[in-house]
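Since the structure comes first, as structure tokens, the remarks are kept for the end.
The values are calculated or read from the model by the stated rules, or taken from the named source; none is laboratory data. As the structure is a computational prediction, the values presented were derived from the model and not from experiment. For neighbour counting, all protein chains shown are included, and Cβ atoms are generated from backbone atoms with ideal geometry for every residue, glycine included. SASA here: full protein model, heavy atoms, side chains in, ligands and nucleic acids out. Shrake-Rupley method; radii C 1.70, N 1.55, O 1.52, S 1.80 Å.
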Amino acid sequence: MVAEAGTADLVTLTGGRGGTLSHGTQLLAFVLLAIAFAVKSPLWPLHTWLPDAHTEAPTVGSVILAGVLLKMGTYGLLRVGVGVAPDGARRAAPVLAVLAVAAIIIGSLVCLAQTEVKRLIAYSSVGHMGFVLLGIASLTATGFQAATIGNVAHGVITGLLFFLAGAIKDRAHTGSLTELGGLRETAPGLAGLLGYAAIASLGLPGLAGFWGEAFAVVAALRRGWTVPGVLAAFGALIAAAYFLRLLRRVTHGPPTPAVSRLAPAGLSGAELLSWGPLVVLALALGLLPALVVDLFADAARALAGVFS
């Protein structure tokens with residue numbers, strides 16, 4: 001691709017030079033870039049390394065991985081893949097939409113079967129990244145904005161979820177859902193924050209997780225992809241089911257032996273300092289999505305203009 005274009009400058013390629021490449025070159029370049037960024041994101045079906053990575057990583061490692069590193073993959077797919085090879089993106093868009101819907105449905109169904117907190121949150125990321133991919137695949141300004149705010153919201157909310165999962169595991173010495181229960185009786189503050197982060201992640205209107213999913217579904221429907229749009233919306237319902245299952249197992253009911261050993265205590269100062277900004281951002285982005293959307297609106301419209 002670089003040899004044919006005569007430059008490796010990303011600004012030049014996304015400014016129009018990439019669009020002058022032959023159809024075959026663009027398709028090959030986009031497919032190779034998409035595979036590479038799919039592993040990084042991770043996007044289904046190249047996601048299999050993620051649950052083990054999160055399970056074995058310390059809490060801070062999981063937060064950095066979910067909140068920052070994974071976003072490089074979806075950003076790269078949008079900024080480099082779509083920007084450099086627009087014709088390749090156009091021809092591959094239906095396939096990306098199918099993979100996105102598969103990620104949303106399969107990731108959500110797998111979450112329903114998980115018995116470990118961190119693995120459940122890790123698999124939930126597969127479904128959330130499916131919404132980001134669906135927005136990118138639509139090749140519309142609305143879809144690109146959905147991908148952008150979905151990326152930011154996922155980093156905020158999932159980072160908070162991994163902080164909370166780590167705190168629960170440190171206190172109870174287990175992350176197994178079968179050994180947790182009744183957390184609201186011994187650590188109500190921690191249980192309340194877990195409930196807040198869970199409903200933000202499942203896409204409750206008014207919190208950050210809603211806009212990326214809603215915009216992605218709207219973008220798919222406007223593109224004429226009725227079936228993918230409906231299936232994606234159904235996947236959001238499954239997300240509500242597995243997060244409510246998580247809360248029922250961890251926070252409700254009588255305290256299990258692992259949880260009953262916890263001494264009733266509030267959150268530490270370090271925890272409040274670390275988690276507070278994420279709590280505020282999850283609410284602020286839910287009430288004012290323009291904080292993110294407006295920053296990238298011109299760029300999204302310019303990129304979508306290539307496909308109009």
Exercise for the section: Scan region 269-286 residue by residue and report those that are in contact (Cβ under 8 Å) with a residue 24 or more places away in the chain, under 19 Å from the mean Cα position of the chain (by Cα) and open to solvent by 40 Å² or more (accessible area, probe 1.4 Å). Expected result: 281, 283
Practice task
Name the residue, out of 215, 243, that is in a helix (DSSP H, G or I) and open to solvent by 20 Å² or more (accessible area, probe 1.4 Å).
Solution key: 215
Practice task
Specify which of the listed residues (165, 153, 122) is more than 15 Å from the chain's Cα centre (by Cα), part of a helix (DSSP H, G or I) and of a type in the set (A, V, I, L, M, F, W, C).
Solution key: 165
Practice task
Filter region 65-75 for residues that are assigned to a helix (DSSP H, G or I) and either touching a residue at least 60 places away in the same chain (Cβ under 8 Å) or open to solvent by less than 20 Å² (accessible area, probe 1.4 Å) (or both) and give the result.
Solution key: 66, 67, 68, 71, 73, 74, 75
Handout entry: Any pair with Cβ under 8 angstrom, 6 or more apart, that starts in region 232-250 at a residue that is in contact (Cβ under 8 Å) with a residue 12 or more places away in the chain and β-branched (Val, Ile, Thr) and ends at one that is in a helix (DSSP H, G or I) and surrounded by fewer than 16 Cβ atoms within 10 Å (Cβ to Cβ)
Key = 238/109; 238/112
Handout entry: Hits in region 169-190 (condition: outside any loop (DSSP other than H, G, I, E, B), open to solvent by 10 Å² or more (accessible area, probe 1.4 Å) and in contact with a Leu (Cβ under 8 Å, 6 or more places away or on another chain))
Key = 171, 186, 189
Exercise for the section: Tell me which residues, restricted to region 246-259, are part of a helix (DSSP H, G or I) and either within 7 Å of residue 182 (Cβ to Cβ) or open to solvent by 80 Å² or more (accessible area, probe 1.4 Å) (or both). Expected result: 248, 257, 259
Handout entry: Flag for residue 144 being under 17 Å from the mean Cα position of the chain (by Cα), modelled with pLDDT of 90 or more and open to solvent by 10 Å² or more (accessible area, probe 1.4 Å)
Key = no
